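The values are calculated or read from the model by the stated rules, or taken from the named source; none is laboratory data. Predicted, not measured: the structure shown is a model, and the values here were computed from it. As a convention, Cβ positions derive from the backbone with ideal geometry for all residues, glycine included, and neighbour counts pool all protein chains shown. Note: accessible area is taken over every heavy atom of the protein model, side chains too, but ligands, DNA and RNA are not part of it. Shrake-Rupley method; radii C 1.70, N 1.55, O 1.52, S 1.80 Å.
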Amino acid sequence: MEALNKVFIPEQVEGKWTSKWLNDCCFDKAMDKAKKSFCILMPPPNVTGVLHMGHLLNQTLQDVFIRHARHCNKCATWIPGTDHAGISLQVKIEKELMENALNPREIGRERFLERARAWRDKHGGIILSQLKSLGVSCDFKNQVHTLDESYSQGVLTAFVELYKRGYIYRGKRMVNWCPKTLTALSDEEIIMKPQKSKLYYIRYEVIERPGQFIEIATTRPETIPGDVAIAVNPEDERYRNLVGLHCRCPLNEAEISIIADDTVVRDFGTGALKITPAHAAVDLAISQRHNLPIIDILNADGTLNALAGSEFAGLDRFAARERAVEKLQAIGTLVRIEEYENSIGFSERGDVPIEPRLSEQWFLKYPKVNEAKRAVSEGFIKFYPKHWEKTYLHWLDNIQDWCISRQLWWGHRIPVWYKKNSDRSDSHNLHVSVDGPSDIENWEQDEDVLDTWASSWIWPFGVFGWPDQEKMHREYFSYFYPTNILVTGPDIIFFWVARMIIASMEFIGPNKKSLNSEEIKVRIPFKSVYFTGIIRDKAGRKMSKSLGNSPEPLDLIAKYGADGVRFGILLSAASGQDLIFSEDNLKLGRNFCNKLWNAFRFSRINRAYKPYTKISLADIIAKISIQDLDIDDHAILLNLIKFCSTFEEQMEHFEINAAVNSISSFFWNEYCSWYVEASKTRLREGNKTVSAVHDIIMRQLLLLLNPFMPFITDELWNMGEHDQHSMQNVYCETSQDLRLAFGILGLDKTATNMVTQLKEFLNLSRRLISQSQELKERTSLLICPKNEIARRVVGDYIPKLQKLVGIEKIGFTNEILQFSSVQTSLGTVYLHVERINAAEEKKKLTLEIEKLSKLIRLNKIQLSNKKFFSHAPAHIVEGAQRMLRENTFKQEELRKILSTME
RNA sequence: GGGGAAUUAGCUCAGUUGGUUAGAGCAUCAGCAUGACACGCUGGGGGUCACUGGUUCGAAUCCAGUAUUUCCCACCA
């Protein structure tokens, strides 16, 4: 038998188990109809992504769920994948090209895509392989990528179907335009950022009344050449007499009219609003109501065009703003400039202010919105924490059509073809299908691709090969769908979660206009959604690579071990709260692993040992001689059942942090600190019963801990075994199983209470001892038991007490002694030392008596209240009465001791 | 402007449907090489449960209001 290291060294076992798990195909998807299915779909990380702190938390949680399910005898599958990351990879490749002095738009679509694919194939798998070092148990052989042939068929089918069903349309509308990445974006991709900007007050001369001006306020003076009107509120007295007149645009001398519209806010700025329909959504709405023209003065890249006038054409929008201000100042129409704080939308990827722009795009009017709401509000899909339901429902209540086309190359090209050289707006010249028209040479395909989220939204069934029925059958769709739990961040509740629910409502099952509750129930993509918190640094900022405040996860794993990191991060993850990351918790995780390692090492050193692969719970129990079980054995086994039952409940409610705390506290406090210490002597003597009890506890702990720390537990489980096999599919006995299995042992339920009293007794004795300066060899403990039961319990325990308090001389007394003492529920404990400071002792006693008096007084007040008796439940009243009795007893004892000292 | 969440020990957080004297870990202080573990063991100190009212025999917990922090949503240019 090889000697175990004093310290657990993660790298000695992690690599070994990672490859063993993969070689043994431990995680491969399979169907076992005899078992219940349990399925998790991994939120596909971007192929451009690298492992960050969020993944660490998110993936660990998923792994805990999936491994726990395996121990619960379920057929569990976790399907991983990657997202093609539309804009993100497009930008990356463009940058790469530009660094090589190549113009992306010049090399052409096909060559661009070749490069993008090459990049993906080379780097795209990195993130999943990084996950291996964390020990995740997903089915690596069954990875799905959103641009896979089969998955793409699903994406396009969804588009075509929605088009046929009348939900997808093409239209010229105001969209969020990113002048950097040159594409339209959805509302969700816009990040509002507060900005320190300026409000410019500018006057326009009223043509009909020379010398009279109307003053407006704007943050964007460069758009003045695009003005088509000035609008005021019809109720506004100041401007009423100007409505219907005209004024002159200060920059280009154009004549525009003054109109009235009741959406204009009177008390903002001057109450007069310049209308620039091509560059502001509100303005567009007003201009449409008044049949005004639209003058678009901006190019796609954010520079101004010829319509802005020769002076401005070609200038970037921000440069144009400066130029406009200069000019307005020069001609004397700029009245004043005010500092002004407003929020401006930025594009997520380009990180530049977005430009509201009129353009021709594809839009989706969301189907099954009502059903998607009911799926959650009627409880078919449960959110953890529940309060996210409100956010979800609120979004669906205010949902806007989704701009799904992107002016990019990397992605799913929109499956729409136009007849060559024909009017695209005529629907007869349009072909919409997955495979394209048969006479494809006469058609040209839409240039745009779909928003990435318009591909990942079919993830829950796309990964199973939808709509290919045969493939879905091969992939066990009907067995695994709906999946059990989705683990993700609340930041993508709209981007992804809500849209997946909508897609599932629309596409699972036959095409129907509306669904009843039963139909909703079978269509849901997942039964539960677990929203993780966001990981923040100590200053409360979100951890991100770009901020530079995020540690490198792989470094952390190298430093603390994968098990330690997993355990540590779960310790910090209070349910549903954002979590402040600190390495201290990882240290705790590492320490926990080490403690587990050493608890096991202790077992191996002190007794005959057989690997857990070779023995079942029943085998272990069979080794117990019932007459050998002592009070601690009874108590720890009963405690184990209780703890398991708590643990099960917590896992069931996804209270992972609480479950980690329970298991940690049972292992460390109940098992290591109490039971191991209390049973040491008997174990060393070779007592087979004690050895078996240790085995029961350790075996159960390994099974329960395996989902949280798979490496160390598999290693310990297989320790001493040549032919090693992962423990992951070993059934873990439930608290109910344990209760039944322990039935033959006839466990004494009073043991728990007695051990609790002994713990108190021990703690108070230790405190008493530590307060004395005397050497332990020169002291002894004398116990005056409260009654005969206490005398027997303590008497039986003296051999253990000697070890636990570190004092050899422990005896009984029936007298009141003038020693330092403490009151316990088993009786008075005296510390017999050679010298005692009487004055000090008296002071201590008096203080203690006073403290008790206070408690007794409060107790008496409560018990003298008649309403307390009539309202409070019996056990509370009894508790109060018992408390009064005990405190009174203790106080009397203390008084007796004090009186002998007077 | 609308909504969510949070506020408990120096720090990070537990605290079930109101019920005995509010807990844990970290940090801190004191002691300890005790034949599993110093990544450990033993003990100590530390809290007016954000504030103000209310309900109740009883409130960290329920209700109302206030304050602070934080996140999301929203077309005041």
At 1.4 Å probe size, with no ligands or nucleic acids counted, give the accessible surface of A:Arg323 in Å², nearest ten.
90 Å²
Roughly what % antiparallel, to the nearest 5, for the DSSP beta bridges in chain A?
75 percent
Quick one: dipole size for the range A:709-765, taken about the Cα centre, charges +1 on Lys/Arg Cβ and -1 on Asp/Glu Cβ, in debye to the nearest 20.
400 debye
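Across chain A, how large is the tail of the calculated P(r) beyond 39 Å, expressed as a percent of all Cα pairs?
When every Cα pair of chain A is considered, 59 percent fall beyond 39 Å.
What is the magnitude of the charge dipole of chain A about its Cα centre, with +1 placed on the Cβ of each Lys and Arg, -1 on the Cβ of each Asp and Glu, and no other charges, expressed in debye to the nearest 20?
On the way: 116 positive and 115 negative charges, 686 e Å.
My answer is approximately 3300 debye.
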Carbon and sulfur atoms: what percent of the 1.4 Å accessible area of the range A:534-670 do they account for?
49 percent
The computed P(r) of the range A:214-281 puts the percent of Cα pairs beyond 13 Å at 60 percent
Relative contact order, percent, the range A:749-902 [alpha-carbon distance under 8 Å, six or more residues apart]:
25 percent
Projected-area average for the range A:683-761 over all orientations - Cα convex hull basis, square nanometres:
7.7 nm²
Give me the percent relative contact order of the range A:340-494, please, defined on Cα pairs under 8 angstrom at least 6 residues apart.
18 percent
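Determine the gain in length on full extension of the stretch A:Ile344-A:Ala872; use 0.36 nm per residue of separation and subtract their C-alpha separation, reporting nm with one decimal.
Length difference between fully extended and current span is 184.2 nm.
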Extend 7 Å from the Cα of A:Met31 along its Cα-to-C-beta direction; within the range A:76-108, residues with backbone N under 15 Å of that point are A:76-77
Quick one: check the C-alpha center-to-center distance for the range A:341-404 versus the range A:219-259, whole angstrom.
35 Å
Could you work out the Rg to Rh ratio of the range A:634-729, with Rh taken as the Kirkwood radius (inverse of the mean 1/r over all Cα pairs)?
0.99
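Return a whole-number percent for the relative contact order of chain A, with Cα pairs under 8 Å and 6 or more residues apart as the contact set.
12 percent
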As I understand it, the dipole of chain A uses +1 on the Cβ of Lys and Arg and -1 on the Cβ of Asp and Glu, about the Cα centre. Which of A:Leu768, A:Thr900, A:Ile744 lies farthest toward its positive end?
A:Thr900
Please give the net charge around A:Thr82, taking every other residue with its beta carbon less than 12 angstrom from that of A:Thr82, where Lys and Arg add +1 and Asp and Glu add -1.
-2
Rounded to the nearest Å, what's the spacing between the alpha carbon centres of the range A:129-183 and the range A:716-767? Just the number, please.
49 Å
Let me check I have the definition right: for the range A:726-789, take the eigenvalues of the Cα gyration tensor, multiply each by 5, take square roots. What are those semi-axes in whole Å, largest first?
40, 19, 9
In chain A, if the dipole is taken from +1 on Lys/Arg beta carbons and -1 on Asp/Glu beta carbons about the Cα centre, which of A:Leu617, A:Gly271, A:Tyr340 is farthest to the positive end?
A:Leu617
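Set the Förster radius R0 to 56 Å, insert the Cβ-Cβ distance between A:Ser438 and A:Ala285 as r into 1/(1 + (r/R0)^6), and round the FRET efficiency to 0.05.
That pair, A:Ser438 with A:Ala285, gives E of 0.85.
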Here FRET efficiency (C-beta to C-beta, A:Lys854 to A:Ile337, R₀ 60 Å, nearest 0.05) is 0.30
What full-extension length gain, to one decimal in nm, is calculated for A:Ser310 and A:Glu205 as 0.36 nm per residue of separation minus the Cα-Cα distance?
35.6 nm
Return the distance in nm (one decimal) between the two label points of a simple spin-label model at A:Glu788 and A:Trp395, each offset 7 Å from Cα along Cα→Cβ.
7.1 nm
Give me the percent of DSSP beta bridges within the range A:166-294 that run antiparallel, rounded to the nearest 5.
80 percent
If one computes the Cα centroid of the range A:769-818 and of the range A:833-902, what distance in Å separates the two points?
23 Å
Could you tell me the largest-minus-smallest coordinate of the C-alpha atoms of the range A:496-646 on each of the three principal axes, in descending order and whole angstroms?
70, 48, 27
Among A:504-511, A:382-389, how do they line up by average Cβ neighbours within 10 Å per residue, starting with the highest?
A:504-511, A:382-389
Would you list the P(r) distribution for the range A:428-535, with all Cα-Cα distances sorted into 10 Å bins from 0 and each bin expressed as a whole %?
12, 35, 31, 17, 5, 0
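For chain A, what is the accessible area per residue in Å², given a 1.4 Å probe and the full set of protein chains? Write out the running numbers ahead of the final one.
Numbers: 40550 Å² over 902 residues.
Normalised by residue count, the accessible surface of chain A is 45 Å².
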Taking chain A and counting helices only, DSSP H stretches of n ≥ 4 at -39,500 (n - 2.57) each over all residues, the nearest-500 ellipticity at 222 nm comes to -13000 deg cm²/dmol
Among A:856-863, A:675-682, A:555-562, how do they line up by average Cβ neighbours within 10 Å per residue, starting with the highest?
A:555-562, A:675-682, A:856-863
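Quick one: dipole size for the range A:494-628, taken about the Cα centre, charges +1 on Lys/Arg Cβ and -1 on Asp/Glu Cβ, in debye to the nearest 20.
Dipole about the Cα centre, nearest 20: 200 debye.
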Among A:Asn46, A:Thr488, A:Ala3 - extreme Cα towards positive end, dipole of chain A, charges at beta-carbon
A:Ala3
What is the distance, in nm, between label points placed 7 Å from the Cα along the Cα-to-Cβ direction at A:Thr900 and at A:Arg109?
10.0 nm
Descending packing, highest mean Cβ count within 10 Å first, for A:698-708, A:369-379 is A:698-708, A:369-379
